[in-house]
Amino acid sequence: MSFVTNIDPNNVPRLLENIENQGYAVLENVVTDEGLARFRAWIDEVSAEAGKGYHAIFGDVEKIDHTPLARLSEDADFRQLMQRMAEKSLARRLADQNILAVLRCVQGESGKKKSNSFHYDASVITALLPIEIPQEGEARGDLLLFPNLRPFRSSVIFNVLEKSLMQNRLSRYLLMKAIKHRLVKPMTLYLKPGNIYFFHGYRTFHANGPCDPSFRRATALFHFGDPHHGSMLTRSIVRVNRLLAK
């Protein structure tokens with residue numbers, strides 16, 4: 001049986017149109033039932049070593065080599081799809097860049113701290129594959145989006161300053177108060193395992209909603225296209241994010 005299906009790089013115009021018009025795009029049933037079973041078996045192994053709290057694997061080659069995460073990120077059609085989407089979004093070529101793959105497992109009490117942590121990604125295109133999503137209760141860890149809230153920035157310094165203003169503890173606290181009192185309302189996506197959801201991670205302020213600590217929310221994230229590729233500041237931020245993920 002195949003691992004993935006329905007990945008066609010010719011879908012790029014439709015996907016980008018959906019991202020621009022509604023904030024996200026989706027390819028349905030991309031990862032087959034066999035593929036999801038392999039992902040879940042691998043996650044069981046990872047969770048057995050990491051414990052029942054929150055944990056993530058941030059694209060370290062030695063940790064994802066020969067895993068389902070690597071298999072999808074190295075798929076030629078998926079790579080081509082991500083690259084075309086990023087290049088058309090920026091209207092320029094992106095050479096010598098790879099897909100950054102991340103596994104996130106939100107579970108237990110420590111997982112609560114990772115909910116509602118709104119942020120911008122460093123990448124042009126973010127692809128999210130739900131692997132395990134709680135089906136009971138209201139706290140399922142839905143994807144929350146403020147789509148296309150900002151443009152792609154030409155200045156890496158301006159980008160970092162903007163993110164520091166919006167991604168600190170006080171800003172997130174005020175945002176959650178505003179959401180609670182219905183002053184602002186993020187888009188809510190109910191995630192289906194096997195689908196892949198695409199959005200402009202760089203432009204979209206996003207987070208996962210609360211997740212019942214009794215259940216595990218496991219997702220694979222794939223990032224492609226750094227508008228500030230080559231910047232020493234960007235590389236430093238990525239290194240810090242890797243350390244925090246560990």
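The values are calculated or read from the model by the stated rules, or taken from the named source; none is laboratory data. Fair warning: this is a prediction, and the values are worked out from it, not measured in the lab. Quick reminder, even Gly has a Cβ in these numbers, built from the backbone with ideal geometry, and neighbours come from all protein chains shown.
Could you check region 151-165 and list, in sequence order, the residues that are among the aliphatic types (A, V, I, L, M) and closer than 13 Å to Tyr202 by Cβ? Break it down into steps so the answer makes sense when it comes.
From region 151-165, those among the aliphatic types (A, V, I, L, M) are 156-157, 160-161, 165; that's our starting set.
Of everything in region 151-165, those that are among the aliphatic types (A, V, I, L, M) and closer than 13 Å to Tyr202 by Cβ turn out to be Val156, Val160.
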What pairs can you find where one residue is in region 45-74 and touching a residue at least 24 places away in the same chain (Cβ under 8 Å), the other is of a type in the set (Phe, Trp, Tyr) and part of a helix (DSSP H, G or I), and their Cβ atoms are less than 9 Å apart, with a gap of 6+ or different chains? Thr67/Phe39; Thr67/Trp42; Pro68/Phe39; Pro68/Trp42; Leu69/Phe39; Leu69/Trp42; Leu72/Phe39; Leu72/Phe78
Could you tell me whether region 218-226 includes any residue that is at pLDDT 95 or above, under 27 Å from Gly108 (Cβ atoms) and part of a helix (DSSP H, G or I)? no
Could you grab me the full set of residues in region 1-44 that are buried (at least 16 other Cβ atoms within 10 Å of the Cβ), assigned to a helix (DSSP H, G or I) and among the small types (Gly, Ala, Ser)? Gly35
